Amino acid sequence: AVVFWLAKATGEGYLWIRDLDDPVGRVIQGTENASLPFWSPDSKQIAFFADGKLKRVPRSGGAVQSVCDAANGRGGDWSPSGTIVFAHNPYSPIFKVSANGGVPEVATTLDATRGENSHRFPSFLPDGRHFVYAALPAVQANLLQISVASLDDPSGRRLLLGRTSPRYAAPGYLIFARDQAVVAQRIDLSTLTMVADNVPLADRPSVEGPFAGSPGVDCARDGTIVYDETDRRPTDLVLIGRDGRPIKTLLRHDGAVGSPVMSHRGDRLAMIVDSDGVGKLWMVDPTAGTE
């Protein structure tokens, strides 16, 4: 099954769950305003952030429990031993807390010498003690430092550079986005070092998650990988009158665009175009229909 966030027509957002062999999903009651869900190790519970709290709810729905305060979460993971690691706001290290509730404790240390101001989207390795996470700001364009720490030692150790936070996949790989692909790279779990080269798994994933470092991909224990593809549908730029009716189509662009802005004279249109995962500014002549 997969769990995901979905907004209703009223604008309210809830968590939904869907079995992979069932085309119909269902809403999980009690998850209003939820974001960034993650599973318990036995897949019976779902943790999520909502209303300034880290919460948990049975996958079938029911009573929602508050685990601890989390003002504006940036991802988490749940270990087999019952410890949750999470980032409770955009400018925090990783914290750890019992899944049954309690006072969070610091689990990583921001490295001021490297200018780190945020650790986020942790993911446990198989031992349930070590976890990988992303550090901000980016050290290169579209590349974040991915490090590993443990519940026993908050000092981070650098592993690799990736466009998104990684997720572990048996029998010994980290799955993440690099450039314009979902890739796998083997990790030596005994030495916690990356070995061998990246192996491409899928081309041009959608890695424009809601927050920098969002994983963009997840893995089940049986090796099943789920990720979003880039929306390749064409975009129509349509001129709308004050009465809300379309006047004419200015241009059809082969791909996704955003933030269109018309010049004051109405003779030029600026827009942001997704170019291999990087936003670029394009100019449109609406009269000639050229860009």
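The values are calculated or read from the model by the stated rules, or taken from the named source; none is laboratory data. Not measured: the values here are computed from a predicted model. Backbone-built Cβ (ideal geometry, glycine too); neighbour counts: all protein chains shown. Areas reflect the complete protein model, heavy atoms only, side chains present, ligands, DNA and RNA absent. Shrake-Rupley method; radii C 1.70, N 1.55, O 1.52, S 1.80 Å.
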Exercise. Any idea which residue in the range 127-139 is modelled with the highest pLDDT, counting only those that are open to solvent by 30 Å² or more (accessible area, probe 1.4 Å) and closer than 18 Å to Pro215 by Cα?
Worked result: His130
Exercise. Would you call Ala63 touching a residue at least 24 places away in the same chain (Cβ under 8 Å) and within 15 Å of Glu105 (Cα to Cα)?
Worked result: no
For this session: Determine the pairs where a residue that is closer than 18 Å to Ala212 by Cβ, located within the range 140-160, has a partner that is outside any strand (DSSP E or B) and polar (S, T, N, Q) with Cβ atoms under 6 Å apart, the partner being 6 or more residues away or on another chain.
Result: Gly156/Thr108
Problem set entry | Of the criteria (1) open to solvent by 20 Å² or more (accessible area, probe 1.4 Å); (2) more than 26 Å from Ala1 (Cα to Cα); (3) free of Cβ contacts under 8 Å to residues at least 40 places away in the same chain, which one Tyr173 fails | (2)
Exercise. In this structure, does Phe176 turn out to be of a type in the set (Phe, Trp, Tyr) and either part of a strand (DSSP E or B) or at pLDDT 85 or above (or both)?
Worked result: yes
Exercise. For Phe4, are the conditions met, namely being open to solvent by less than 30 Å² (accessible area, probe 1.4 Å), within 21 Å of Ser165 (Cα to Cα), in a strand (DSSP E or B) and free of Cβ contacts under 8 Å to residues at least 40 places away in the same chain?
Worked result: no
For this session: Output the residue which, of all residues in the range 80-126 that are among the small types (Gly, Ala, Ser) and open to solvent by less than 10 Å² (accessible area, probe 1.4 Å), is nearest to Val57 (Cα to Cα).
Result: Ala99
Exercise. Looking only at residues in the range 238-273 that are under 32 Å from the mean Cα position of the chain (by Cα) and assigned to a loop (DSSP other than H, G, I, E, B), which one is surrounded by the fewest Cβ atoms within 10 Å (Cβ to Cβ)?
Worked result: Asp254
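Anything in the range 20-44 that is open to solvent by 70 Å² or more (accessible area, probe 1.4 Å) and part of a loop (DSSP other than H, G, I, E, B)? List them, or say none.
Result: Leu20, Asp21, Pro23, Val24, Gln29, Glu32, Asn33, Asp42, Lys44.
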Exercise. With Ser60, Ser98 as the choices, which residue is hydroxyl-bearing (Ser, Thr, Tyr) and modelled with pLDDT of 95 or more?
Worked result: Ser98
For this session: Please indicate, with yes or no, whether at least one residue in the range 127-138 is farther than 22 Å from Ile84 by Cβ, aliphatic (A, V, I, L, M) and assigned to a strand (DSSP E or B).
Result: yes
